[in-house]
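A.B. asks: The structure under discussion is supplied below as structure tokens; questions concerning it will follow.
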Amino acid sequence: MAERELHLWSTVAPMSNGEEEQEETGREQGKDIGENSAEIISKLPKEKGWLTEHLYQYENFWYHPSYGLEGIMSIQQHFKPRSDDILLITSPKCGTTWLKALIFTIMNRTRYDFSAHPLLHSSPHDCVPFLELNLFRFNPIVDLECLPSPRLFASHIPFTSLPKSVLTSTCRIVYTCRNPNDVLVSLWHFMTKLRDKELQPFSLQEAFDLFSKGVSPFGPFWDHVLGYWKASQKFPNQMLFLKYEDLKNEPFVYVKRLAEFLGKPFSIEEEGQGMVHETLKLCSFENMSNLEVNKNGTYRAGVKNNVFYRQGKVGDWKNHLTREMIEKLDSLITEKFDGSGIFFKISPN
């Protein structure tokens with residue numbers, strides 16, 4: 001029973017004959033939408049890509065066409081949020097996998113026993129699917145009404161590109177960011193693993209130069225972060241802004257805060273029973289990265305689950321960036337975040 005319920009989070013439920021006909025009609029309509037999107041994308045400004053040949057600029061942010069942009073366009077037109085939806089939004093490589101696991105575990109802790117938990121045999125990305133990279137990527141008008149409430153979704157969409165349907169809803173948004181030095185290094189490692197093998201190798205220097213210009217997937221990084229930071233200041237009851245480094249440094253404190261925001265606070269009894277500790281243990285990098293499903297399982301289209309688990313540390317940038325890179329990035333980040341109230345913890349304790 002548990003496996004079937006989990007399946008409902010990541011895919012559309014099995015369809016009847018009538019629903020199959022509707023789905024086929026939807027795919028035909030989706031094909032038309034896809035063709036229109038391709039025409040729009042072909043006319044957009046472009047730069048060198050990290051994963052594919054080019055990144056395209058849409059609404060002041062940069063995207064790979066098939067890995068983000070087409071899905072974003074579909075979300076803007078067709079996503080219909082519910083008031084109790086929960087959206088995890090991040091800039092890429094800011095702890096997305098970890099937060100997916102934490103949110104799924106917190107929201108479902110009365111349904112699943114830790115000894116037989118879905119995360120022991122399923123990827124966090126199946127439990128909390130991406131909107132633009134999964135659900136809306138392959139079917140632009142996918143029907144999500146079959147999913148039970150509260151629905152859990154994830155996205156890398158910038159705040160200024162959120163559909164009006166989300167902005168006018170009461171769904172909750174959890175946003176997580178990370179220090180830019182580690183984001184750059186982690187993103188470079190991730191993209192080089194998945195980069196089209198027919199393209200030339202992509203050096204860290206190239207990644208640094210593009211990142212510094214704001215040309216990175218779903219970037220500029222600083223605009224992505226600032227959009228949600230400012231929104232969280234205005235709407236604290238609807239948006240929780242977290243930093244990866246804070247979660248790493250004080251996991252117990254911030255997981256409790258996350259649970260409270262989600263409307264699922266840990267009771268005194270649960271804390272006494274070690275529920276917070278068990279949640280953190282289950283979702284830890286050490287545990288998740290050593291599970292068979294995450295070591296040898298496949299996410300989608302030949303992408304292995306293990307690409308989402310590299311180190312999970314703060315400060316690895318020291319092993320990669322040159323002094324010149326560090327100085328330039330520090331100056332750039334100081335400039336971009338000046339007066340915002342955001343400060344990044346760059347190194348571990």
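The values are calculated or read from the model by the stated rules, or taken from the named source; none is laboratory data. Bear in mind the structure is a predicted one, so any value in this text is a computation, not a measurement. In this analysis, Cβ positions are derived from the backbone assuming ideal geometry, glycine residues included, and neighbour counts consider all displayed protein chains.
A.B. asks: Please verify whether S186 is among the small types (G, A, S) and either farther than 17 Å from Q311 by Cβ or in contact with a His (Cβ under 7 Å, 6 or more places away or on another chain) (or both), treating the condition exactly as stated.
C.D. replies: Taking the combined requirement at face value, the residue does not satisfy it.
A.B. asks: Can I ask one more? Mind listing whichever residues of the range 77-110 are within 22 Å of L144 (Cα to Cα) and in a loop (DSSP other than H, G, I, E, B)?
C.D. replies: Scanning the range 77-110 gives F79, K80, P81, R82, S83, D84, D85, N108.
A.B. asks: (1) more than 16 Å from the chain's Cα centre (by Cα); (2) at pLDDT below 95; (3) part of a helix (DSSP H, G or I): which one isn't true of P201, the others all being true?
C.D. replies: Among (1) more than 16 Å from the chain's Cα centre (by Cα); (2) at pLDDT below 95; (3) part of a helix (DSSP H, G or I), the lone unmet condition for P201 is (3).
A.B. asks: Among the numbered criteria (1) more than 17 Å from the chain's Cα centre (by Cα); (2) over 20 Å from Y254 (Cβ atoms), which single criterion is violated by K281?
C.D. replies: Only one criterion is unmet by K281, namely (2).
A.B. asks: Residues that are within 30 Å of R151 (Cβ to Cβ): find the helices (runs of 4 or more DSSP H) completely inside the range 247-343 holding 1 or more of those.
C.D. replies: Per the criteria, 251-261, 268-272, 275-283, 285-289, 292-296.
A.B. asks: Hey, could you check the range 51-81 for residues that are touching a residue at least 60 places away in the same chain (Cβ under 8 Å) and of a type in the set (S, T, N, Q) and say which is nearest to W222 (Cα to Cα)?
C.D. replies: Per the stated criteria, the residue is N60.
A.B. asks: Next question. May I ask you to list the residues in the range 185-241 that are surrounded by 16 or more Cβ atoms within 10 Å (Cβ to Cβ), polar (S, T, N, Q) and farther than 12 Å from G49 by Cα?
C.D. replies: S186, S212, S232
A.B. asks: Quick one: D316 ticks every box in (1) acidic (D, E); (2) within 23 Å of the chain's Cα centre (by Cα); (3) surrounded by 14 or more Cβ atoms within 10 Å (Cβ to Cβ); (4) closer than 20 Å to I86 by Cβ except a single one, so which number is it?
C.D. replies: Among (1) acidic (D, E); (2) within 23 Å of the chain's Cα centre (by Cα); (3) surrounded by 14 or more Cβ atoms within 10 Å (Cβ to Cβ); (4) closer than 20 Å to I86 by Cβ, D316 violates only (4).
A.B. asks: Do we find that L162 is surrounded by 21 or more Cβ atoms within 10 Å (Cβ to Cβ), modelled with pLDDT of 95 or more and under 19 Å from G71 (Cα atoms) in this structure?
C.D. replies: In short, yes.
A.B. asks: How about the range 171-198: which of its residues are modelled with pLDDT under 95 and either more than 17 Å from P217 (Cα to Cα) or of a type in the set (F, W, Y) (or both)?
C.D. replies: F190, K197, E198
A.B. asks: Under the condition of being of a type in the set (D, E, K, R) and under 11 Å from Y67 (Cα atoms), which residue from the range 121-137 is farthest from the chain's Cα centre (by Cα)?
C.D. replies: Across the range 121-137, the extreme among qualifying residues is R137.
A.B. asks: So, in the range 28-41, of the ones that are closer than 24 Å to T160 by Cα and either of a type in the set (D, E, K, R) or at pLDDT 90 or above (or both), which residue ends up surrounded by the most Cβ atoms within 10 Å (Cβ to Cβ)?
C.D. replies: I41
Residues are listed down the side, and each one gets a yes or a no for (1) over 30 Å from L135 (Cβ atoms); (2) free of Cβ contacts under 8 Å to residues at least 40 places away in the same chain:
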position: K264; (1), (2): no, no
position: G274; (1), (2): yes, yes
position: S284; (1), (2): no, yes
position: S289; (1), (2): no, yes
position: E324; (1), (2): yes, yes
position: T334; (1), (2): yes, yes
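A.B. asks: Being crowded, with 17+ Cβ neighbours inside 10 Å, within 30 Å of N60 (Cβ to Cβ) and not β-branched (V, I, T), is that true of even one residue in the range 262-269?
C.D. replies: The answer is no; no qualifying residue exists.
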